[in-house]
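The values are calculated or read from the model by the stated rules, or taken from the named source; none is laboratory data. For clarity, every value in this text was computed on a predicted model and none was experimentally measured. All Cβ positions, glycine included, derive from the backbone under ideal geometry; neighbour counts span all protein chains shown. These area figures cover heavy atoms from the full protein model, side chains too; ligands, DNA and RNA do not enter into them. Shrake-Rupley method; radii C 1.70, N 1.55, O 1.52, S 1.80 Å.
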Amino acid sequence: MTTIDIEAEIRAEPSQGAAHRATLLASLGWVAAVGVLLFWPDLTFQPLVRELALCWSVVAAALVLLGLGSRRLGRVGRWTAARAPWLLALGIGAAIWTGLTAKTGLLPQPFFPTPQAMLEVFLYDWPKILYSASFSVWLLARGFFFGAVAGFLIGIGMGWSRAFSYWATPLLRYVGPLPATAWLPLAFFIFPTSGSASVFLIAFSTAFPVAVLTWSGIASVNRDYYEIARTLGASPLFLITRVAIPAALPHVFVGLFMGLSTSFAVLVVAEMLGVEAGLGWYLQWAQGWAAYANMYAALFVMAAMCSGLITLLFRIRDRVLVWQKGVVRW
C-alpha cells in the first residue's frame with residue numbers, strides 16, 4: 001500500500017464512521033415506533049398489531065446490520081447512510097402516527113386510519129389494488145405515448161417550418177392551454193368507450209407541453225450548426241434528425257416531465273368519472289363506502305407509481321443525453 005492510499009484511507013475513515021453512526025441512529029427511530037406500538041395501550045381494538053410490530057422490527061434490525069457492516073457493504077452501505085436522516089424521520093413519523101391515531105385519538109378514526117388498518121388493507125385487498133394499479137399504468141402508458149409522439153412531431157414542424165408554424169401557433173396558443181378535463185363531456189360523447197376517451201384526454205394533456213418545449217428547442221438551435229452541415233452536403237432530413245433533434249433533446253425531456261405530471265392528474269380524474277377500473281376508480285369506490293384506509297392506500301400507491309415513473313424517465317434521460325453531460329447543466 002502506497003503513502004497516497006494510506007492517506008486516502010485515513011481521510012475516508014471519518015466519513016465511514018459518520019455513515020455508521022447515522023444508520024444506527026436511524027434504527028432507533030424504528031425501535032421507538034415498535035415501543036409505542038406495543039407498550040402504549042390502544043383506545044380501541046386494533047388488528048395486526050403483532051404483525052406490524054414484526055415488520056417495523058425487521059426494518060430496525062436491517063438498519064442495525066447495515067450500520068455495523070457499512071464499511072463492507074460498499075454501495076449498499078453508502079446508499080443507506082445517505083438516506084439515514086430520512087429513514088430516521090420515517091421511523092419517528094410512524095411512532096407519531098401511531099400515537100395520534102390508535103393511542104390518543106387526536107386524529108379521529110375512521111377519517112385518519114391507524115397504521116394497523118393500513119397494513120390490513122394491503123394484506124387483504126392487495127389483488128384489487130394491484131389490478132387497479134396495473135390498469136392505471138397501462139392506460140397512462142398508452143395516452144402518454146400517443147401524446148408524446150404527437151407533441152414531438154408538432155414541435156418539430158413548428159420549429160422547422162415557418163408555414164407549419166403559421167397555422168399551428170394559433171391553435172396551440174388558444175386550444176393547448178385549456179385543461180384536458182374541460183374536454184371530458186365531449187370526449188366521452190365522441191369516443192366509443194370510456195377507455196379510449198381517457199386515452200385521448202391523457203394524450204391531449206401530454207401533447208401540449210411536449211410540443212411547446214420541442215418547438216422551443218428546435219427554434220433555439222444555433223444556426224451555425226446548420227450552415228456547417230450544409231457546407232458538408234447535409235440534406236434537410238439529415239439536418240432535422242442529426243442536428244436539430246439532438247440539440248433540442250434537453251428541451252424535449254423537460255416537456256416530457258411536464259406532460260407526465262399533467263397526464264397523471266388527468267388519469268385520476270378520468271378514472272374517477274368514466275372508467276370502471278384503475279386507481280382513480282378505486283379511490284372513488286373507497287370514498288363511496290367511507291373506507292378511508294382503502295382511500296389512503298390508493299393515494300400511497302398513486303404517489304409511489306408517479307414517483308417511479310418520474311425516476312424511470314430520469315434514467316432514460318440520463319442514458320439518452322449521456323453525450324451532453326459536459327454541455328448541459330444537470
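Working ranking of peptides 259-270, 284-295 by packing, defined as the average number of other Cβ atoms within 10 Å per residue, highest first, is 259-270, 284-295. Using Cβ point charges alone (K and R +1, D and E -1), the dipole size of the chain about the Cα centre works out to roughly 760 debye. On a per residue basis, the chain carries 58 Å² of accessible surface, using protein heavy atoms and a 1.4 Å probe.
Where does the charge balance sit around Arg223 when Lys and Arg score +1, Asp and Glu -1, over other residues with C-beta under 15 Å from its C-beta? Net local charge, Arg223 excluded: 0. Look at the dipole of the chain built from charges on Cβ: of Leu106, Thr311, Leu171, the Cα furthest out on the positive end belongs to Leu171. Counting every pair of alpha carbons in the chain, the share spaced more than 25 Å apart comes to 67 percent. The listed peptides 167-174, 57-64, ordered by packing as a protection proxy, come out as 57-64, 167-174 (highest mean of other Cβ atoms within 10 Å first).
Here the contact order of the chain, divided by its residue count and restricted to Cα pairs under 8 Å and six or more residues apart, works out to 17 percent. A viscosity of 1.002 mPa s and a temperature of 20 °C, combined with the Kirkwood radius over Cα pairs in Stokes-Einstein, give a translational diffusion coefficient for the range 171-330 of 118 µm²/s. Applying Stokes-Einstein at 20 °C and 1.002 mPa s to the Kirkwood radius of the range 102-141, computed over alpha-carbon pairs, gives a translational diffusion coefficient of 179 µm² s⁻¹.
Ordering Gly255, Leu87, Gly278 by the projection of their Cα atoms onto the charge dipole of the chain, which places +1 on the Cβ of Lys and Arg and -1 on the Cβ of Asp and Glu, puts Gly255 at the extreme positive end. Rg and Dmax, both from the Cα atoms of the range 249-325 and both in Å, are 15.9, 53. Overall, the range 161-311 carries a charge dipole of about 440 debye about its Cα centre when +1 sits on the Cβ of Lys and Arg and -1 on the Cβ of Asp and Glu, all other atoms neutral. In the chain, carbon and sulfur make up what percent of the accessible area (probe 1.4 Å)? With neighbouring chains kept in place, the figure for the chain is 71 percent.
Over the residues of the chain, the helix contribution to mean residue ellipticity at 222 nm works out to -26000 deg cm²/dmol, using -39500 (n - 2.57) for each DSSP H run of at least 4.
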